[in-house]
Amino acid sequence: MVWRGLIRPVVFKTTDPEEAHRRSLDLLARFAARPGAGVLRRMFCFDDPRLAVELWGLRFANPVGVAAGFDKNATAVATWEHLGFGLVEVGTVTRHAQEGNPRPRLFRLAEDEAVINRLGFNNMGADRMAEQLGRHKVGIPVGINLGKSKLTPLEEASADYLYSFQKLYAYGDYFVVNVSSPNTPGLRELQRSKPLAEILASLQAANSLNKPLLVKIAPDLDWQEIDTVLEMAMRYRLAGVIATNTTIGREGLVSTYRHEAGGLSGAPLRERSTEVVAHIYRETAGRLPIIGVGGIFNAEDAWAKITSGASLVQVYTGWVYEGPWMVRRILEGLSRKLDNHGFDTIAQAVGCEL
Ligand SMILES: Cc1cc2nc3c(=O)[nH]c(=O)nc-3n(C[C@H](O)[C@H](O)[C@H](O)COP(=O)(O)O)c2cc1C
């Protein structure tokens, strides 16, 4: 209420989306330690042991995470746990620091409850990300999302990913190969079997501690292309798949900015990403853990992803529209769902729809 009725209208009206984002991150970064952290916890956290998830030898206090791209440089990495999240994925980080595309490159499509971005992996690079992560102690699992630097040719992609992977290895609880952003020319070509195999083989060869390695896919792949990624995932013993990144589709939009180039996220992506989650769950008979992401705004949306096969979920656009109370509302809602269905743990709900 406070967010939708009071804060959001002012922020949306007066502040450029990218500027608003930068300011929010800077503000959040200040709440990493006491007493600010305690205040946030009282406002935004919700505990129910039944929502805890054990996966890949990690413990997640709840299944709701911060999606990649929100905290690209790990600026507020130590604050997310105080906002109620069960995991945070930082990045996308690339081997080389890069500016990204020219502005404007981030658009709010308020009537569609969506965002279009063509940021293009603006980030400070793997070296500085390592320094940043080295400075903080984080109480929830941290994923590190890796991308290819723009100046690196596609044929040299695997060495680029490998550099960041090795540089950041000590700091991540899990790692993600992002081959699905629409904003780096040619990147999505890397979802094909040969280039993907090369990247996965080289990272797994360097993965001495067997840390969970996942791949993040686009919602625009057809079923056959998704199955090719799944074969690769099995062959290279990936820990899971993140479904999905933003879409290049524009169906059904009404907002002024609907023709802007870039990746679309939020409500219009909801159904497609859930469909992709369900497909992966079915194809792998539930053997490959899935992180479901796309258009989650409330408990109902999160429940749909989980019951379609997602062990964990992530949010980005929903959090912008619904505000910082969203995670707590989702967790309370999931708790009620467990009561209603007579489940003892959230794990029992994973894939139960199928
Ligand atoms: C502004 C913006 C920047 C993003 N940047 C990244 C990124 O750097 N890496 C990535 O894997 N996904 C990125 N994403 C995609 C999100 O992680 C997520 O997959 C997608 O937005 C769908 O979730 P949502 O509908 O909850 O936003 C970005 C999304 C937005 C809106």
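Taking amide H positions as placed in the peptide plane 1.01 Å from N, state which residues far from L109 in sequence (5 or more) or on other chains have amide H under 5 Å from it.
A114, V115, I116
What 222 nm value per residue comes from the helices of the chain, counting each DSSP H run with n ≥ 4 as -39,500 (n - 2.57) and dividing by all residues, nearest 500 deg cm²/dmol?
-10500 deg cm²/dmol
So for the pair R50, E111, with labels modelled 7 Å out along Cα→Cβ, what separation do we get in nm?
In this crude label model, R50 to E111 measures out at 4.2 nm.
Relative to 2.2 N^0.38 Å, what does the C-alpha radius of gyration of region 14-143 come to as a ratio? Two decimals please.
1.12
Contact order normalised by length for region 2-349, with contacts defined as Cα pairs under 8 Å and 6 or more residues apart; what percent is it?
Taking the mean separation of contacting Cα pairs over the length of region 2-349, I get 17 percent.
With N set to the number of residues, divide the alpha-carbon radius of gyration of region 292-354 by 2.2 N^0.38 Å and report two decimals.
Cα Rg divided by the expected 2.2 N^0.38 Å: 1.05.
Can you work out ³J(HN,Hα) from phi for every residue in region 321-328, in order, using Karplus 6.51 cos²θ - 1.76 cosθ + 1.60 and θ = phi - 60°, giving whole Hz and x for Gly and Pro?
7, 8, x, x, 7, 4, 4, 4
On full extension of the chain, what length is gained from R42 through E156, given 0.36 nm per residue of separation minus the C-alpha to C-alpha distance?
The R42-E156 span can extend by a further 36.3 nm.
Among S180, T94, S265, flag the residue with its Cα farthest along the positive direction of the charge dipole of the chain, charges on Cβ as +1 for Lys/Arg and -1 for Asp/Glu.
Farthest along the dipole direction, towards plus: T94.
For E198 and H259 in one chain, what is 0.36 nm times their gap in residues minus the Cα-Cα distance, to one decimal in nm?
Here the segment from E198 to H259 would lengthen by 18.5 nm.
Using the Karplus curve 6.51 cos²θ - 1.76 cosθ + 1.60 with θ = phi - 60°, what ³J(HN,Hα) values do you get for each residue of region 148-155, in whole Hz, with x for Gly and Pro?
Each residue of region 148-155 in turn: 9, 5, 4, 6, 7, x, 3, 5 Hz.
Output ³J(HN,Hα) for region 221-235: one whole-Hz value per residue in order, computed from phi by the Karplus curve 6.51 cos²θ - 1.76 cosθ + 1.60 with θ = phi - 60°, and x for Gly and Pro.
Once θ is set to phi - 60°, the couplings for region 221-235 become 6, 8, 4, 5, 5, 5, 5, 4, 4, 5, 4, 4, 4, 5, 4 Hz.
If you build the Cα gyration tensor of the chain and take the root of 5 times each eigenvalue, what three semi-axes come out, in whole angstrom, biggest first?
Its equivalent ellipsoid spans semi-axes of 27, 24, 22 Å.
Taken together, the values in this text are just the output of simple stated rules run on the coordinates, not laboratory data. Quick caveat, the model's predicted, so the values are computed rather than measured. Every residue, glycine as well, gets a Cβ built from its backbone with ideal geometry; the counts of neighbours run over all protein chains shown.
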